[in-house]
1. Taking R0 as 25 Å, what FRET efficiency do you get between B:Glu4 and B:Thr162 from their Cβ-Cβ distance, rounded to the nearest 0.05?
2. So, for region B:131-173, what is the accessible surface per residue at a probe of 1.4 Å, expressed in square angstrom?
3. Give me the percent of accessible area attributable to carbon and sulfur for region A:1-140, probe 1.4 angstrom.
4. Quote the charge dipole size of the protein assembly as shown about the Cα centre in Debye, to the nearest 20; the model charges only the Cβ of Lys and Arg (+1) and of Asp and Glu (-1).
5. Give the A-B buried accessible area in Å², both sides summed, 1.4 Å probe, nearest 100.
6. I need the P(r) histogram for the protein assembly as shown: all alpha carbon pairs, bin width 10 Å from 0 out to the longest distance, whole percents.
7. What would the Debye formula give as log10 I(q)/I(0) at q = 0.21 Å⁻¹ for the alpha-carbon point model of region B:1-40, no solvent?
8. So if I restrict to the alpha-carbon atoms in chain B, what is the Rg, and what is Dmax, the biggest pairwise distance, in Å?
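The values are calculated or read from the model by the stated rules, or taken from the named source; none is laboratory data. The shown structure was predicted, so the numbers you read here are calculated from the model rather than taken from an experiment. Here the Cβ positions follow ideal geometry from the backbone for every residue, glycine too, while neighbour counts run over all protein chains shown. Keep in mind that these areas ignore ligands, DNA and RNA; they rest on the heavy atoms of the full protein, side chains included. Shrake-Rupley method; radii C 1.70, N 1.55, O 1.52, S 1.80 Å.
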There are 2 protein chains.
Amino acid sequence: MAFELFRRDGFEKVTVDDLAAAAGVSRSTFLRYFGTKEDAVLGTADARGERVAEALRARPAHEGEWTALRQALEVAIEPYHQDPAASLAMTRLIRDTPALCARQLEKQHGWRPALARALAERAGSAGAPAIGQWVRASAALDCLNAAVDHWSDSDGRFDLVTLLDEAFAALGPS
Amino acid sequence: MAFELFRRDGFEKVTVDDLAAAAGVSRSTFLRYFGTKEDAVLGTADARGERVAEALRARPAHEGEWTALRQALEVAIEPYHQDPAASLAMTRLIRDTPALCARQLEKQHGWRPALARALAERAGSAGAPAIGQWVRASAALDCLNAAVDHWSDSDGRFDLVTLLDEAFAALGPS
DNA sequence: TCCGTATGTGAAACTGAGTGTCACTGTAGG
DNA sequence: CCTACAGTGACACTCAGTTTCACATACGGA
């Protein structure tokens, strides 16, 4: 699998040809399928953002935005509960590879319009999200990242849920 | 100038050879100087992060972290006051070019350790910043970005300072 | 003045990612 | 049986970024 190759040799050392060979397909097919080398690792990230936005829309209307965001992020940390070891390895690979780090940042950046729009809908506004909603959506993702970073720094010993709650608490309810 | 070429033909269309020719140097020299094509546009971003961190350290000790961050960001928006038209054009170019957008995100991401450390020092802690400090540093940058985005969406008609204050208010003091 | 040495520049070859095109193959539907 | 189409592979191409070598100019000491 691609992930193992990356972990063993480092993301930069593994060429697309290596990956294609490992997958048993041609270089053409590999690139047609994944688009880029980064997406062979981060391919599922876009979908996760959509799932968080859905979860956000599903939160009860009376709930405050900050609380709703916190609860919606449960969807995002699900994989960490399901398979902590794999998640830790993946997180480390990304953190230690500038190209992956940048690409993940970019993908998460793409989550924000959907999150901000979900907040606006919850508030009953049909138009564009207010600046405060953008900021809260962004800040929630920062909380997620800060929590995951601390979690991986602790080799997975700290509790991710606790870290996430701490992170959210640091910005207080709006 | 490189910026004009990018604006006219689009970032992707302009090759490094074009840029080198426009600058009157060889391709080698151009790449040696800037490192990457993106850095021909975003070269000064790293330094700006350092300047914000300095400004943060210079804030009075009694000031709350959130207020200190807000004040420190005055340094970051200075260029927008100095030359709004140029800043608007630059912001648009970056926003409309995925590669530049990603690279800027990455650079800003690199500001956060310095900001978080500055917050930790202000608090008298010699060790690593607390997760709350990381989150607040990150959120402050989100506020900056949200304000600048809204500002550029309004063609520079909205007041950047007001937008930034609004953004900061949306997360309330910790 | 002459001789190193360092620094800036250019030329060129090379690697590797991503794109586009074309041909081949199997498969589903008529 | 024939056609249409989706999946695949082969190949050529562009371009970014790296590396290496060569040259030229400048600086400091003998």
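1. After rounding to 0.05, the efficiency reads 0.20.
2. On a per-residue basis, 35 Å².
3. After summing per-atom areas, the C and S share lands at 53 percent.
4. With Lys and Arg at +1 and Asp and Glu at -1, about 280 debye.
5. That pair hides around 2200 Å² of surface in total.
6. Calculated over all Cα pairs of the protein assembly as shown, the distribution is 5, 22, 31, 27, 13, 2, 0 percent.
7. Taking Cα atoms of region B:1-40 as identical point scatterers yields -0.54.
8. 17.8, 53
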